[in-house]
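This report refers to the structure that appears directly beneath it.
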Amino acid sequence: MTGSDAVGLVEAARRCVRFISLVVFGTLASALLVSCGTQRSPVASDATETCERVDESLLRTRLADYEPAGSLSTLIQASGHDMILSGQIAGFTQGPIVPVSGEPEFPERFVVMQVDVSRTLVMRDERLVDRDSVYIPVPQGPVDAETSEPVYSVKAFERAIPSGTKVVVLAKPAVPDLARLNRGLPIGAEFTSTGIQGLFLDDCGEMIGGFDDVPGTQGWSRLKTIEQLEAGVERLA
């Protein structure tokens, strides 16, 4: 293997872990993206119950550059949130389609994640909660170039992030392009947005990041579970 071949393999692996493009050129590329999803086996939590693992890769089809907060206290201070809540995933629905400037044939598609709120840890804007739920638009990811259909359907998100998964969300109003849309929302509800570090999931007892990994810094090292994250928010907020 030549040096250039090795560099190519490393770069390909990096793209597989974190792919950003909204458009996949050709069905072969689409299939490769699907194969990059995290494959985990169910975990037996006791003799009679099996925990469904989370496949967070579907939440990570688009990731902008950002500077991750090195601790929970830094995140709380810098995130600009209006609310911090804990709850459970209630499901996904088809969401809005937002035109992209200069690329009218490739609009940005979203699914809507419904989170049923069980505890409000910080509340500055009650309008974000509608009948004890919040609604978070999630980029739907790449599109098949031949069919113009999303590679990941709503059902794929439901399988990847099972209903009942515990979450902690740092929420704020959606950006204007999404705030004025209502596809996937109950009448009277509003879209809620999060930052890249604004969603944390329970993966069979282990806390993981939703839109990106939890930083590996000392400031996060003691927060291993969603319950520990909740307690940390209550101490700091």
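General observations
- Checklist (1) surrounded by fewer than 17 Cβ atoms within 10 Å (Cβ to Cβ); (2) charged (D, E, K, R); (3) not in a loop (DSSP other than H, G, I, E, B) applied to Arg183, failing item: (3)
- Count of residues meeting criterion [within 13 Å of the chain's Cα centre (by Cα), modelled with pLDDT of 95 or more and either over 11 Å from Phe92 (Cβ atoms) or part of a strand (DSSP E or B) (or both)] in segment 140-165: 1
- Taking segment 186-217 as the range and being out of contact with any strand residue (DSSP E or B) (no Cβ under 6 Å at 6 or more places or on another chain), within 13 Å of Pro137 (Cα to Cα) and either acidic (Asp, Glu) or outside any loop (DSSP other than H, G, I, E, B) (or both) as the test, only Glu190 passes.
- Here Pro99 passes the criteria (1) touching a residue at least 60 places away in the same chain (Cβ under 8 Å); (2) in contact with a Pro (Cβ under 6 Å, 6 or more places away or on another chain); (3) surrounded by fewer than 14 Cβ atoms within 10 Å (Cβ to Cβ) except the one numbered (1).
- Checking each residue in segment 122-159 for being buried (at least 20 other Cβ atoms within 10 Å of the Cβ), aliphatic (A, V, I, L, M) and in contact with a helix residue (DSSP H, G or I) (Cβ under 8 Å, 6 or more places away or on another chain) picks out Val134, Val138, Val151.
- Applying the set (1) over 16 Å from Gly87 (Cβ atoms); (2) buried (at least 18 other Cβ atoms within 10 Å of the Cβ); (3) of a type in the set (D, E, K, R) to Lys224 leaves exactly one unmet item: (2).
- Only listed residue being of a type in the set (Lys, Arg) and more than 21 Å from Leu58 (Cβ to Cβ), chosen from Arg159, Arg235: Arg235
- Those helices (runs of 4 or more DSSP H) lying entirely in segment 1-107 with at least 2 residues of a type in the set (S, T, N, Q) and modelled with pLDDT of 50 or more: 72-78
- Meets criteria (surrounded by fewer than 18 Cβ atoms within 10 Å (Cβ to Cβ) and in contact with a strand residue (DSSP E or B) (Cβ under 7 Å, 6 or more places away or on another chain)) for Val169: no
The values are calculated or read from the model by the stated rules, or taken from the named source; none is laboratory data. Note that the structure is predicted; figures quoted are calculated from it, not measured. All Cβ positions, even for glycine, are placed from backbone atoms using ideal geometry, and neighbour counts span all protein chains on display.
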